[in-house]
1. Extension gain Tyr65-Leu215, at 0.36 nm per residue separation less the Cα-Cα distance, in nm?
2. Provide the per-residue ³J(HN,Hα) series for region 68-84, in order, calculated from phi with Karplus coefficients 6.51, -1.76, 1.60 and θ = phi - 60°, each as a whole number of Hz, with x at glycine and proline positions.
3. Just to be sure I understand the model, the point goes 7 Å from the Cα along the line to the Cβ. What's the resulting Thr33 to Glu85 distance in nm?
4. Beta carbons within 10 angstrom, averaged per residue: use that to sort the peptides 79-92, 174-187, highest first.
5. Can you pull the Rg over Rh of region 45-192, Cα-only, Kirkwood?
6. What is the dipole size for region 94-228, taken about its Cα centre, with +1 at each Lys and Arg Cβ and -1 at each Asp and Glu Cβ, in debye to the nearest 20?
7. List the trypsin sites (Lys or Arg not before Pro) in region 21-71 that DSSP assigns to loop (not H, G, I, E or B) and whose Cβ has at most 15 other Cβ atoms within 10 Å. Which are they?
8. Beyond 17 Å, what percent of the Cα pairs of region 33-79 remain?
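Readers should treat all values here as calculations from the given coordinates under stated rules, not as data from a laboratory. Quick caveat: nothing in here was measured; it's all calculated off a predicted structure. Neighbour counts are summed over all protein chains in view; Cβ atoms, including those assigned to glycine, are modelled from backbone coordinates with ideal geometry.
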Amino acid sequence: MGYGCQVTNVSTSQPRRPNRRGEGSQLRAEIVTAARELIEETGSAQAVTLRAVARRVGIAAQSIYGHFTGPEQIIRAVIAQAFDEFLRHLQAARDGIDDPRARLLAACQGYLTFGAEHPNLYALLFARNPTPQGARGEQAPDLRLHENGGEGVDRLVGAESFELLVNDVAAVTAAGASRSKDPFVTATAIWVALHGLVLLRADAPQFPWPDRAQLEDALLGRIALLEPNPA
């Protein structure tokens, strides 16, 4: 059973009515939504221009400046929103599962499902540094790092999703279901494997992939150093 991809057709919006008093936050949300749609449809952050976003929302481009200084700040907002959604997706996949081993595997399956259902959004979070049109390649700031800095993993927007994975590995180890000696190292190895599987599934659909559950059990069982399941 493969991972399905959802495609949403978004029609061009009609001219937007002016906000009433107190509705500024609504316009900001609509700007972020429009930018996200452009990225999901095109697969590129360079599609996020003030003109393209304004056209989709139905406003004048200069109206955006009341909320964002330019495309870079809009993309940062999309990334933050997408990471929040990604974290909620992982949490929903593991909620209500008491067994640490099963909870870790459910979170990993949630990761794979999110990557398959939102390939372009996933790429925004984990592929090359997303840059708006006109940015200067390697000199452009990484929009997935907090602007106010930080140390280690905390520098990363969306660090909470990785911390969830580390905590799940630690719980499995504490329960005696994993031979991991360092939850951070093991969680990093799991992330590398999940990321690779998401990309390979998308880039090599012609490959005769084995059964999804068998592949995930074999891959995650080895990398997470899981003990044989007594069940």
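1. Roughly 49.2 nm would be gained on extension.
2. 9, 7, x, x, 4, 5, 5, 5, 4, 5, 5, 4, 4, 5, 5, 5, 4
3. 1.2
4. 79-92, 174-187
5. 1.06
6. Approximately 300 debye in magnitude.
7. Counting only loop positions with at most 15 other Cβ atoms within 10 Å, the trypsin sites (Lys or Arg not before Pro) in region 21-71 are Arg21.
8. So the portion of pairs separated by more than 17 Å is 19 percent.
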